[in-house]
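The structure appears below as structure tokens.
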Amino acid sequence: METVTSADGTTIAFDRIGAKSNGPQQAGTERAGAENAGTGSVILVGGALEDRHSPKLTELARLLADRYGITAIVYDRRGRGDSGDTPGVYQAGNEIDDLAALVAAAGDSVTLFGWSAGAVLALRAAASGRLSAVTRVVAFEPPFVVDRSGHVPPADLGTRLEQLIAEGKSGRAAAFYLRKVMGVPPTMVTAMRLTPYWRSLKALAASTAHDWAVIGPYTRGEALRPADWSGLTVPTLVLSGADSAANIKTAAAATAKALPLAHHRELPRLGHDQNAELVAAPVAEWITGHGAL
């Protein structure tokens with residue numbers, strides 16, 4: 001495990017997977033060293049209720065490193081795992097600062113790969129103009145809600161979620177996020193409560209307020225506005241699975257349409273529960289520049 005220090009002093013923990021793993025760094029390190037400059041690293045940004053040990057991230061990181069020689073950084077977003085938190089303070093800008101610190105540690109020529117809510121964070125970070133070393137983005141099924149044909153989160157969701165977290169009701173907060181943000185049926189949430197997996201969801205429940213700060217403005221059932229994304233001037237690959245729900249595929253297509261330099265690719269035999277084997281090859285193509293627009 002290595003660490004960096006974000007702009008507000010929050011410690012962000014990460015693992016570096018690949019040939020360029022050079023041992024531990026001190027907190028606040030600005031970059032991994034000149035030997036890593038321009039080497040084409042990728043930072044994997046997890047979704048809601050996931051930490052850096054999620055198989056969705058670690059399996060993809062290992063494949064990119066072992067099969068394609070790409071150094072992958074997997075990190076705990078703030079409020080998760082070994083990273084610090086700012087309880088009661090939930091701002092997308094803080095998470096963009098976290099990524100800026102990680103990009104500095106990675107070196108030049110960095111790709112951001114985001115899964116689900118992490119895809120929205122990756123897109124917002126790249127569009128912010130604050131991460132100049134980012135040269136490409138991969139967004140896997142960003143959960144934008146671009147029309148009102150399906151589930152639309154309630155308008156007061158943020159207030160209710162933060163109240164549950166402040167009261168320490170982690171189980172209720174996890175269930176609330178699953179049902180009201182992700183649209184998971186209540187019967188499925190009830191079944192999840194009976195599995196060992198529920199313990200990890202409860203442990204990560206407090207971090208969902210950070211997710212909502214990132215995705216909330218884009219879940220109102222309104223079309224994405226290209227003007228909001230004009231700062232995203234690097235090539236972006238938007239991925240979706242052919243087996244995913246219709247609203248997810250609609251959002252992916254709408255995302256690519258709203259971005260200045262984007263391409264949408266739908267992958268066969270794949271749903272929202274990402275399969276690293278199916279995702280690794282197109283991601284590697286994009287990172288190495290073979291998937292140019």
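The values are calculated or read from the model by the stated rules, or taken from the named source; none is laboratory data. Predicted, not measured: the structure shown is a model, and the values here were computed from it. Note that we place each Cβ from the backbone using ideal geometry, even for glycine, and neighbour counts take in every protein chain shown. Calculation scope for accessible area: heavy atoms of the full protein, side chains included, ligands and nucleic acids excluded. Shrake-Rupley method; radii C 1.70, N 1.55, O 1.52, S 1.80 Å.
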Within the stretch 162-189, tally of residues that are among the β-branched types (Val, Ile, Thr) and over 19 Å from GLU50 (Cα atoms): 1
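Here is a yes/no grid of residues against (1) modelled with pLDDT of 95 or more; (2) hydrophobic (A, V, I, L, M, F, W, C); (3) touching a helix residue (DSSP H, G or I) at 6+ places or on another chain (Cβ under 9 Å):
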{"position": "ASP82", "(1), (2), (3)": "yes, no, no"}
{"position": "GLY88", "(1), (2), (3)": "yes, no, yes"}
{"position": "ALA92", "(1), (2), (3)": "yes, yes, yes"}
{"position": "LEU102", "(1), (2), (3)": "yes, yes, no"}
{"position": "ALA117", "(1), (2), (3)": "yes, yes, yes"}
{"position": "ALA122", "(1), (2), (3)": "yes, yes, yes"}
{"position": "VAL134", "(1), (2), (3)": "yes, yes, yes"}
{"position": "VAL137", "(1), (2), (3)": "yes, yes, yes"}
For the stretch 70-93, indicate whether the set of residues that are surrounded by 17 or more Cβ atoms within 10 Å (Cβ to Cβ), within 20 Å of SER230 (Cα to Cα) and in contact with a Leu (Cβ under 8 Å, 6 or more places away or on another chain) is non-empty. yes
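A quick yes/no check of all residues on (1) touching an Asp or Glu at 6+ places or on another chain (Cβ under 9 Å); (2) at pLDDT 95 or above:
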| site | (1), (2) |
| --- | --- |
| LEU161 | no, yes |
| LEU178 | no, yes |
| ALA191 | no, yes |
| PRO226 | no, yes |
| GLY231 | no, yes |
| LEU237 | yes, yes |
| ALA245 | no, no |
| ALA252 | yes, yes |
| ALA256 | no, yes |
Output yes when any residue across the stretch 215-224 is closer than 21 Å to SER54 by Cβ and of a type in the set (A, V, I, L, M), and no when none is. yes
Inside the stretch 115-148, can you point out the residues that are open to solvent by 10 Å² or more (accessible area, probe 1.4 Å), part of a helix (DSSP H, G or I) and closer than 21 Å to LYS56 by Cβ? ARG124, ALA126
Residue set THR29, THR58, THR10; condition farther than 19 Å from ALA206 by Cα, open to solvent by less than 50 Å² (accessible area, probe 1.4 Å) and at pLDDT 90 or above; output residue THR58
Being in a helix (DSSP H, G or I) and aliphatic (A, V, I, L, M) is true for just one of ALA175, ALA155. Which residue is that? ALA175
Looking at (1) under 20 Å from VAL4 (Cα atoms); (2) touching a strand residue (DSSP E or B) at 6+ places or on another chain (Cβ under 6 Å); (3) surrounded by fewer than 24 Cβ atoms within 10 Å (Cβ to Cβ), find the lone condition where ASP97 falls short. (2)
Qualifying positions in the stretch 155-192 - over 20 Å from the mean Cα position of the chain (by Cα) and basic (Lys, Arg): ARG160, LYS169, ARG172
Apart from one, (1) touching a Phe, Trp or Tyr at 6+ places or on another chain (Cβ under 7 Å); (2) open to solvent by 30 Å² or more (accessible area, probe 1.4 Å); (3) not small (Gly, Ala, Ser) all hold for HIS210; the odd one out is (2)
Have a look at GLY271, GLY221 and point out the one that is open to solvent by 10 Å² or more (accessible area, probe 1.4 Å) and more than 12 Å from GLU141 (Cβ to Cβ). GLY221
Go through (1) of a type outside the set (Gly, Ala, Ser); (2) more than 14 Å from the chain's Cα centre (by Cα); (3) part of a loop (DSSP other than H, G, I, E, B) for ARG78 and report which single condition fails. (2)
